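To keep things clear, I will list the structure first and then write my remarks on it.
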Amino acid sequence: METNRLSPTLAQALNKQMTNEAANAQIYLAYASWASEKGYDGIANFLFRHANEERNHMMKILEYILKRGAKVVVTEIPSPGPDPASVNDCFEKVFTSEVENTSAIYRIVEMSMAEKDWATWNFMQWFVKEQTEEETLALDLLSKIKVAGGASANDDALYILDKDLAQTADDATLAQDVSAANP
Ligand code: OFO
């Protein structure tokens, strides 16, 4: 009896996405370690917390693949690449990797729609919302560094930014969650 409820195409795409999430966790881990070495403990703390979030995303997909009766394929994780050149470069790279991940998620949404696999389509909506949140968060970080002077931010500005980030919430407020009473 066939118990696998995922098509081979979607199973492959979801397995690939699992690796993408793991790769993003590695990026955050690498950048957090870089920030810590440079003495930016607030930024490091924020990035370490985020590495955990990415790993949780990986686990969420892994559990879904198993739940649908398909095979989980754990592969090697691509290297996060070179360290950032500066705090500005770090946040630009974070934003770029989030946007790339959003595109990968949208492709799976499209595939699930084409196959009329509504369970997977529904499952992926959580990730669509999460990516909107993460892009907003990354954009907020970029705005903060821009105000601090962007690529030429001075030490004082970076010190304040670092302290600020130590307290920054991991989740961004989405436009759709905002109301007049709760701006
Ligand atoms: Fe997994 O949320 Fe970012 O990439």
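Of the residues Glu54, Glu76, which single one is under 22 Å from Thr102 (Cα atoms) and touching a helix residue (DSSP H, G or I) at 6+ places or on another chain (Cβ under 7 Å)? Full working, then the answer.
Values: Glu76 fails: touching a helix residue (DSSP H, G or I) at 6+ places or on another chain (Cβ under 7 Å).
Among Glu54, Glu76, only Glu54 is under 22 Å from Thr102 (Cα atoms) and touching a helix residue (DSSP H, G or I) at 6+ places or on another chain (Cβ under 7 Å).
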For a quick check of your reading of the model, give me the residue pairs whose first member lies in the stretch 150-161 and is in contact (Cβ under 8 Å) with a residue 40 or more places away in the chain, whose second is among the small types (Gly, Ala, Ser) and in a loop (DSSP other than H, G, I, E, B), with beta-carbon atoms closer than 6 Å and at least 6 apart or on different chains. Leu161/Ala148
Could you list, ordered by first residue, the pairs with Cβ atoms under 6 Å in which the first is in the stretch 92-107 and of a type in the set (Phe, Trp, Tyr) and the second is part of a helix (DSSP H, G or I) and within 9 Å of the ligand (Cβ to nearest atom), at least 6 apart or interchain? Phe95/Ala138
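How about the stretch 155-169: which of its residues are open to solvent by 90 Å² or more (accessible area, probe 1.4 Å) and of a type outside the set (Asp, Glu)? Before you say what the answer is, go through the steps one by one.
Of all residues in the stretch 155-169, those open to solvent by 90 Å² or more (accessible area, probe 1.4 Å) come to 155-156, 159-160, 163, 167.
Once the filter is applied, which keeps residues that are open to solvent by 90 Å² or more (accessible area, probe 1.4 Å) and of a type outside the set (Asp, Glu), the stretch 155-169 yields Tyr159, Ile160, Lys163, Gln167.
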From the list Ala35, Ala23, which one is under 30 Å from Ala153 (Cβ atoms), among the small types (Gly, Ala, Ser) and within 12 Å of the ligand (Cβ to nearest atom)? Ala23
What single numbered condition from (1) closer than 20 Å to Tyr106 by Cα; (2) in contact with a Ser or Thr (Cβ under 9 Å, 6 or more places away or on another chain); (3) buried (at least 20 other Cβ atoms within 10 Å of the Cβ) fails to hold for Thr19? (3)
Let me confirm something: among Ala70, Ala30, Ala85, which residue is part of a helix (DSSP H, G or I) and among the aliphatic types (A, V, I, L, M)? Ala30
Give just the number: which of (1) in contact (Cβ under 8 Å) with a residue 60 or more places away in the chain; (2) out of contact with any His (no Cβ under 6 Å at 6 or more places or on another chain); (3) more than 30 Å from Trp118 (Cβ to Cβ) does Tyr28 not satisfy? (2)
Selection within the stretch 105-144 - modelled with pLDDT of 95 or more and among the small types (Gly, Ala, Ser): Ser112, Ala114, Ala119
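Name the one entry in Asp117, Asp89 that is open to solvent by less than 70 Å² (accessible area, probe 1.4 Å) and either in contact with a strand residue (DSSP E or B) (Cβ under 6 Å, 6 or more places away or on another chain) or within 30 Å of Asp162 (Cβ to Cβ) (or both). Lay out the reasoning, then the answer.
Values: Asp117 fails: either in contact with a strand residue (DSSP E or B) (Cβ under 6 Å, 6 or more places away or on another chain) or within 30 Å of Asp162 (Cβ to Cβ) (or both).
Sole residue among the options that is open to solvent by less than 70 Å² (accessible area, probe 1.4 Å) and either in contact with a strand residue (DSSP E or B) (Cβ under 6 Å, 6 or more places away or on another chain) or within 30 Å of Asp162 (Cβ to Cβ) (or both): Asp89.
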Scan the stretch 122-150 for residues that are buried (at least 17 other Cβ atoms within 10 Å of the Cβ) and hydrophobic (A, V, I, L, M, F, W, C) and report the count. 8
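May I ask you to list the residues in the stretch 96-114 that are within 12 Å of Leu14 (Cβ to Cβ) and open to solvent by less than 30 Å² (accessible area, probe 1.4 Å)?
Kept after step one, since they are within 12 Å of Leu14 (Cβ to Cβ), are these residues of the stretch 96-114: 104-105, 107-109, 111-112.
Selection gives Ala104, Ile105, Ile108, Val109, Ser112.
The values are calculated or read from the model by the stated rules, or taken from the named source; none is laboratory data. As the structure is a prediction and not an experimental result, all values here were calculated from the model. Using ideal geometry, Cβ is built from the backbone for each residue, glycine included, and neighbour counts are taken over all protein chains shown. Just the protein is used for accessible areas: all its heavy atoms, side chains included, with ligands, DNA and RNA removed. Shrake-Rupley method; radii C 1.70, N 1.55, O 1.52, S 1.80 Å.
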